[in-house]
Amino acid sequence: MLSKQYRLTKQGSFRYVYNNGQKKQNLAFRLFFVLGKSLKVGIVISKKLGKANKRNLLKRRIRAIFRENIQSIKKAQIVLSVKEEAADMPFEKLREEVLGVLRKSNLIA
């Protein structure tokens, strides 16, 4: 679990990132981000991806990837939207895709 200081929780915060941020995407993710004073991460998964247990497993894996790399990520508000292609990916491939989209947007120092 990401600690509370790193979580993006309010609907207005998500909307701010969507409206004012830049967008990058790859095979499995869409990343919206706004550079800022602190790191905040929000994860969005559609119900199209499956039942709650599958979506929660995916969110836990993504949070673990962010937690492992928290020191190397630049300060920004980030919203990571998960595409359907990510639903059945093994953990290593998921890590590769998340870090790839972060590199693509120059958010990894």
So which residues in region 24-70 are within 18 Å of K104 (Cβ to Cβ) and either small (G, A, S) or open to solvent by less than 20 Å² (accessible area, probe 1.4 Å) (or both), if there are any at all? A28, F29, L31, F33, L39, V41, I62, I65, F66
Please work out which residue is nearest to the chain's Cα centre (by Cα), limiting yourself to region 6-17 and to residues that are open to solvent by 90 Å² or more (accessible area, probe 1.4 Å) and touching a residue at least 12 places away in the same chain (Cβ under 8 Å). T9
Of the residues in region 1-47, how many are within 12 Å of V79 (Cβ to Cβ), among the aliphatic types (A, V, I, L, M) and assigned to a strand (DSSP E or B)? 6
Across region 71-99, what is the total count of residues that are open to solvent by 30 Å² or more (accessible area, probe 1.4 Å) and in a helix (DSSP H, G or I)? 9
Across (1) free of Cβ contacts under 8 Å to residues at least 60 places away in the same chain; (2) out of contact with any strand residue (DSSP E or B) (no Cβ under 6 Å at 6 or more places or on another chain); (3) closer than 21 Å to S3 by Cα, V98 clears everything bar (1)
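The values are calculated or read from the model by the stated rules, or taken from the named source; none is laboratory data. Just so we're clear, the structure is a prediction, and the values are computed from it rather than from any experiment. So basically every Cβ, Gly included, is an ideal-geometry build from the backbone, and we count neighbours across all protein chains shown. Heavy atoms of the whole protein, side chains included, go into the accessibility calculation; ligands, DNA and RNA do not. Shrake-Rupley method; radii C 1.70, N 1.55, O 1.52, S 1.80 Å.
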